[in-house]
1. Under a point spin-label approximation (7 Å from Cα along Cα-to-Cβ), what is the Ala75-Glu51 distance to one decimal in nm?
2. I need the phi-derived Karplus couplings for the stretch 55-60: 6.51 cos²θ - 1.76 cosθ + 1.60, θ = phi - 60°, integer Hz, Gly and Pro marked x.
3. Whole-Hz Karplus ³J(HN,Hα) for the stretch 104-120, in order, using 6.51 cos²θ - 1.76 cosθ + 1.60 and θ = phi - 60°, x for Gly and Pro?
4. Assuming 0.36 nm per residue, please report the length gained on full extension of the stretch Val66 to Asp167 beyond their Cα-Cα distance.
5. Using modelled backbone amide H atoms (1.01 Å from N, in-plane), which distant-in-sequence or interchain residues come within less than 5 Å of Ala124's amide H?
6. Can you order the peptides 98-107, 78-87, 52-61 by their average number of other Cβ atoms within 10 Å per residue, highest first?
7. Per-residue HN-Hα couplings for the stretch 72-83, Karplus 6.51 cos²θ - 1.76 cosθ + 1.60 at θ = phi - 60°, whole Hz, x for Gly and Pro?
8. Where nothing but the Cβ of Lys and Arg (+1) and of Asp and Glu (-1) is charged, how large is the charge dipole of the stretch 49-174 around its Cα centre, in debye to the nearest 20?
Amino acid sequence: MYSATSRIRAIVALTVAVATGEAACTTTPDPVEPQSTTTPPGMPVIRSCAELVPPEVVTEFDDGYVAQEPFVATAGTHAAEIAELNGVVCAWNNESSGESIGVAVANPTSDELADREAAAGRSASAFAGYFAADDDSAQAQAFSGPYWIVVDFSFGADEDDIAPFIDSVLESLAS
């Protein structure tokens, strides 16, 4: 990366050269620092919805669900936050009942990940993660390596219903 000082020197030299009619700038920029070879937290998640949750996982749960493409997350939801973090957001709708299933995965910074996990709720027993549900919805969150995973059901469900979705995402991210 060029330092601010070297950029300012180059701009000043170029401005003087243009104003006086001189030839090209003669300042030498600072050397470029080598980039890290590891993927830092905060980078986009590069997986398709079908890679995260293969169609057979959805149809095994209920064959009435169809992928929503493109899917735009509702503002104020975890899925919307994940979309803002350059994550992957997927959804399937049941054409007859109108119920939906959402899966979202992000690679937030370490601090964001720790904050999310601290606020995730009670531990699940059917999968490695957290679970909350009422009569109208169910939500699971899991944390694996740098990833924050959220699975939402728009209907009351139990941990055993959500577990195959969490397991599928974890398997995809591990490969």
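Coordinate-derived values only; no laboratory data. Note that the structure is a prediction, hence the values are computed from the model and not measured. Here the Cβ is made from the backbone with ideal geometry for all residues, glycine too, and neighbour counts use every protein chain on show.
1. 3.1 nm
2. Listing the rounded values in order: x, 5, 5, 5, 5, 5 Hz.
3. The phi angles translate into 9, 9, 10, 10, x, 5, 4, 5, 4, 4, 4, 4, 5, 5, 5, 9, 6 Hz.
4. 34.4 nm
5. Gly129, Tyr130, Phe131
6. Working: 98-107: 22.3, 78-87: 19.3, 52-61: 16.5.
Going from most to least packed, we get 98-107, 78-87, 52-61.
7. 10, 5, 6, 4, x, 9, 4, 4, 5, 5, 5, 4
8. Dipole about the Cα centre, nearest 20: 380 debye.
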